[in-house]
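Chemist: Below you will find the structure I want to go over with you.
The numbers here are math on the coordinates, done by the rules we state, and not lab data. All values derive from a computational prediction rather than experimental measurement. Every residue, glycine as well, gets a Cβ built from its backbone with ideal geometry; the counts of neighbours run over all protein chains shown.
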Amino acid sequence: MKSVQMIKEQHGVWQFQSDEMALKAPLVLVFGNRYALESPSIYEEVKAFFPEGQVVFGSTSGEISGANVYDDSIVLIAIEFEKSAFKIACENVGDHQNDFEQLGRQLVHQLPQDTLKHILVISEGSSVNGSTLIHGMQSATSQEVGISGGLCGDDSRFEKTLASYNSLPKEGEVIAIGLYGDSLEITCANYGGWTAFGPKRTVTKSVDNVLYELDGKPALDLYKSYLGSKANELPQAALLYPLNVKEPGSKEAIVRTILNINEADNSMILAGDIPYGSSVELMMSTVDDIAGGAATAATFGMRNRNSAPELALLVSCVGRKLVMDQRTEEEVEEVIDIIGKKANVIGFYSYGEIAPFAGSGVCKLHNQTMTLTLVSE
């Protein structure tokens with residue numbers, strides 16, 4: 001595996017962060033601030049460096065390259081797979097009437113299944129129901145095929161997200177990158193570091209990812225009562241107090257971020273499904289807990305690997321970044337200390353993370369986690 005990393009900071013020029021080299025038909029992953037990706041020349045700029053490259057864009061709530069976390073920048077990695085291959089599929093939410101399960105199936109149907117090892121997902125993050133998208137993808141492929149990735153971000157603005165494949169970044173795009181070949185070793189992991197507090201509540205009314213009632217009371221009113229004066233800062237303030245959700249019959253709890261609120265019906269729109277009957281608790285965290293959670297994710301990701309990773313795709317949550325503030329890079333440093341410095345690290349802060357639980361092949365949408373996809377040939 002050969003790779004080249006680059007960065008373009010705000011109002012700057014492209015800079016190489018690794019030795020410049022010619023790559024043959026590389027996969028080019030470009031993660032950047034939404035405003036930066038709205039530049040009408042951005043696609044041509046990237047193609048000028050990698051004319052044979054297959055280019056995937058995704059907007060972020062912060063960019064990760066190496067051990068550094070950036071804001072208002074664009075980071076890039078171009079990867080030449082020497083022993084394996086990749087194929088890319090792309091669909092737009094608008095072409096599926098918001099039927100995210102159908103969209104997920106259609107993406108997978110575009111990818112040849114023979115020797116398919118893993119699917120990386122870079123999805124728009126403003127309107128997609130990530131839980132349903134993942135369910136559709138898993139229903140269309142073998143359980144032995146791993147799925148990981150993330151939902152694009154827009155800092156803490158929640159206005160719109162952008163993504164694309166071989167075109168200018170646009171709204172509504174969902175991209176699936178199929179990785180092929182027996183030589184690939186790919187492991188995934190995620191972990192949060194958040195602590196539940198307060199009484200447990202039960203979901204008494206919800207539809208997909210919209211939460212209406214807890215214990216028979218309007219969910220938004222109840223949530224505001226916990227936030228106190230911070231309720232005036234919703235929906236951004238919700239990133240600091242996500243929900244711990246345990247579905248009926250499930251052994252594992254899932255953290256859910258509140259993406260938006262609806263004052264008209266006192267509901268909250270979450271990044272993924274929140275089924276009726278689930279138990280719900282508020283969560284909070286500290287800088288040290290979040291950094292420790294990243295280290296735990298890295299430890300899970302390295303467990304039982306046969307070779308050191310050459311590529312590490314990190315997808316962390318915008319809520320973690322808000323808590324970490326000036327110390328955000330600490331969670332990336334924790335990961336690198338454990339996975340080793342051989343790996344080329346790239347990634348972004350997101351509106352949702354896609355990965356299986358450690359030791360499980362069942363993929364889920366997560367929030368408020370550090371998620372790793374570790375790849376070697």
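Chemist: Once you put a point 7 Å from the Cα of Gln326 and another 7 Å from the Cα of Thr115, both along the Cβ direction, what distance in nm separates them?
Modeler: About 5.2 nm separates the two model spin labels.
Chemist: Spin-label point model (7 Å from Cα, Cβ direction): what's the Ala264 to Lys24 distance in nm?
Modeler: Calculated label separation equals 5.7 nm.
Chemist: Now for a different question. Each residue of region 366-376 in order: what ³J(HN,Hα) in whole Hz does its phi give by Karplus 6.51 cos²θ - 1.76 cosθ + 1.60, θ = phi - 60°, with x for Gly and Pro?
Modeler: Whole-Hz 3J(HN,Hα) from phi for region 366-376: 10, 10, 6, 10, 9, 10, 10, 10, 9, 10, 8.
Chemist: For the chain, return all DSSP H helices satisfying: extent of Cα atoms along own axis at least 18 Å; mean Kyte-Doolittle hydropathy at least -0.5.
Modeler: 287-302
Chemist: List the lysines whose Cα sits under 18 Å from the Cα of Lys117, skipping any in the same chain fewer than 8 residues away.
Modeler: Within the straight-line cut-off, Lys117 pairs with Lys83, Lys87, Lys364.
Chemist: Identify all lysines with a Cα-Cα distance to Lys224 below 26 Å; exclude those on the same chain that are fewer than 8 residues away in sequence.
Modeler: Within the straight-line cut-off, Lys224 pairs with Lys160, Lys200, Lys205, Lys246, Lys321.
Chemist: Under the rule of at least 5 residues apart or a separate chain, name every residue whose amide H is placed under 5 Å from the amide H of Ile254.
Modeler: For Ile254, the qualifying residues are Val245, Lys246, Glu247.
Chemist: Counting only residues 5 or more places away or on other chains, whose amide H sits under 5 Å from the amide H of Asp273 once H atoms are built in the peptide plane?
Modeler: Ser131, Thr132
Chemist: Please compute the length gained on full extension between Leu168 and Glu333, using 0.36 nm multiplied by the number of residues separating them and subtracting their Cα-Cα distance.
Modeler: Difference between extended and current length: 56.2 nm.
Chemist: What FRET efficiency would be calculated for the residue pair Ala231, Ala67, taking the C-beta separation as r and a Förster radius of 35 Å, to the nearest 0.05? Mind dumping the intermediate values first?
Modeler: Working: r = 37 Å, r/R0 = 1.04.
Calculated transfer efficiency: 0.45.
Chemist: Convert each backbone phi in region 321-326 into a coupling constant with the Karplus relation 6.51 cos²θ - 1.76 cosθ + 1.60 (shift: θ = phi - 60°), then list the ³J(HN,Hα) values in order as whole Hz, x for Gly and Pro.
Modeler: For region 321-326, the Karplus curve yields 5, 5, 5, 5, 6, 5 Hz.
Chemist: Please work out the FRET efficiency for the pair Asn306 and Lys217, using the Cβ-Cβ distance as r and a Förster radius of 45 Å; give the result to the nearest 0.05.
Modeler: Computed FRET efficiency for Asn306 and Lys217 comes out at 0.30.
Chemist: So which aspartates and glutamates pass the test for Lys230, namely a Cα distance under 17 Å, with those fewer than 8 places away in the same chain ruled out?
Modeler: Within the straight-line cut-off, Lys230 pairs with Asp221, Glu263.
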